[in-house]
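Rule-based calculations on the coordinates, nothing more; no lab input. Given the structure is predicted, the values throughout are model-derived calculations rather than measurements. Cβ coordinates were reconstructed from backbone atoms using ideal geometry, including for glycine residues, and neighbour counts include every protein chain displayed.
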Amino acid sequence: MISVKGLEKRYTIGDTAFTILNKIDMQADKGEFIAVMGPSGSGKSTFLNLLGGLDTPEAGEITVNGKNIHSLNETQRTLFRREHVGFIFQNYQLLPNLTVEENVSFPMYSGKKDKQEIKKQVSDLLRSVSLEGKEKNYPSQLSGGQQQRVAIARALSMNPNLILADEPTGNLDRRTGTEVLRLLSSLHQKNQLTIIMVTHDVYAASYADRIILLKDGVIESDIRQTEGANQDVMANLLAKLNS
Ligand SMILES: Nc1ncnc2c1ncn2[C@@H]1O[C@H](COP(=O)(O)OP(=O)(O)O)[C@@H](O)[C@H]1O
Ligand SMILES: [Mg+2]
C-alpha cells in the first residue's frame, strides 16, 4: 500500500543544508496502524507531509496505492489526496465559520454526489464519531475532543483508505485523548483503514500495532507490537527516546 525508497529531505538555511530525512526506506501494508515517534524536530511532520503529497522530497520515491505521488503534477496530486488520504491535525483545522455538518460535508461537494446523499452520509459519519445532535454547532461551541472528532469525520468523508494524523491527541487531556485514540483504533479495525499517526506520546503510540522511531534523519527502530511484548517494547522505546 505504501512504499518509501531512499527518501531524502533537506532544508537550506543561509549556506547550511540540514538533512532532515536521510535515505528513508519503509513499507506499510494495507490496514496497518503505525505510530511514528521521535524527538521534537526529528522530522515526523515532514515525513507525514511527504507521505500525503503535501511536500516534495529532494530525492527518493513514495508509492501510495500503486501511484508514485511525486511524479504527479500539482492538480493530479490534489486529486490523489482527495481520493486516497484523510488528514487529521493537532489543532483540528476546522473552518470556524462553518457548522459541524458543513465542515464534514464540504470536501464532498467537489464530487458528483447529490445533496440528499451527502446529507445522509454526513449524518452517518457524525454518528460514527458520536456527534449526533451537534450538526448545527460551530467549532467554537465544542470541546477539543469533540472538535477532533469532527475533524476525524471530515477526514473520512471521501472514504479514504489512508489516514495521516499529526499529533491528533496533542492538544487533548488524557481522557479525551483516549476517546480519540479508541475511535481511530475502532475505525482502523472496522474499515481496514491504514493509519499513520505521528506522536511523541508513548501512551498514544501504544494504540498502534507498529511503532517507527525516527532519530537523526533515519528510522532508528521499527517494531511490531505483539500482545504480551507490549510493556517491554514500551520500556525499550522510552529508553531510546530519553537517550
Ligand atoms: N519550512 C522549513 N524550513 C526550514 N526548516 C524546516 C522547515 N520545516 C521544518 N524544518 C525543520 O525540520 C526539522 C524537522 O521538523 P518537523 O518535521 O516539524 O519535526 P517534528 O514534527 O518531528 O517535530 C526541524 O528541525 C525544523 O526546524
Ligand atoms: Mg511535528
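Computed quantities for the displayed model
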{"item": "Trypsin sites (Lys or Arg not before Pro) within region 101-132, DSSP loop, no more than 10 other Cβ atoms inside 10 Å", "result": "112"}
{"item": "Local electrostatic count, residue 193, Cβ distance below 12 Å [Lys/Arg +1, Asp/Glu -1]", "result": "+1"}
{"item": "Degrees, to the nearest 10: 174-191 long Cα axis against longest axis of the chain", "result": "90 degrees"}
{"item": "Percent of C-alpha pairs per 10 Å bin, region 1-96, short to long", "result": "14, 45, 34, 7, 0"}
{"item": "Counted charge near residue 68, where neighbours are those whose Cβ lies closer than 14 Å (Asp, Glu -1; Lys, Arg +1)", "result": "+2"}
{"item": "Sites residue 76 and residue 137, calculated FRET efficiency, Cβ-Cβ separation with R0 30 Å, nearest 0.05", "result": "0.25"}
{"item": "Region 90-185: C-alpha pair distances exceeding 18 Å, %", "result": "42 percent"}
{"item": "Local electrostatic count at residue 22 - Lys and Arg +1, Asp and Glu -1, tallied over other residues with Cβ under 10 Å", "result": "+1"}
{"item": "Label zone at residue 68 (point 7 Å along Cα-to-Cβ), backbone N below 13 Å, region 19-40", "result": "none"}
{"item": "Among beta bridges that DSSP assigns inside the chain, antiparallel share in %, nearest 5", "result": "55 percent"}
{"item": "For region 17-136: relative contact order, % (alpha-carbon pairs under 8 angstrom, 6 or more apart)", "result": "14 percent"}
{"item": "Low-density loop positions, GluC sites (Glu not before Pro), region 90-160 - DSSP coil, at most 16 other Cβ in 10 Å", "result": "132, 135"}
{"item": "Cα centroid of region 81-96 to Cα centroid of region 31-80, whole Å", "result": "15 Å"}
{"item": "Rounded tilt (10° steps) of 74-84 against the dominant C-alpha axis of the chain", "result": "70 degrees"}
{"item": "Computed helical MRE - 222 nm, the chain, DSSP H runs ≥ 4 contributing -39500 (n - 2.57), nearest 500", "result": "-11000 deg cm²/dmol"}
{"item": "Rh by Kirkwood over Cα pairs, then Stokes-Einstein D for region 19-73 at 0.890 mPa s and 25 °C, µm²/s", "result": "199 µm²/s"}
{"item": "Ranked packing of 42-48, 30-36, 10-16, most packed first, by mean Cβ within 10 Å", "result": "42-48, 30-36, 10-16"}
{"item": "Note, ³J(HN,Hα) from phi for region 5-16, Karplus 6.51, -1.76, 1.60, rounded to Hz, x at Gly and Pro", "result": "10, x, 6, 10, 9, 10, 10, 10, 10, x, 9, 9"}
{"item": "The chain - percent relative contact order, Cα under 8 Å, separation 6 or more", "result": "28 percent"}
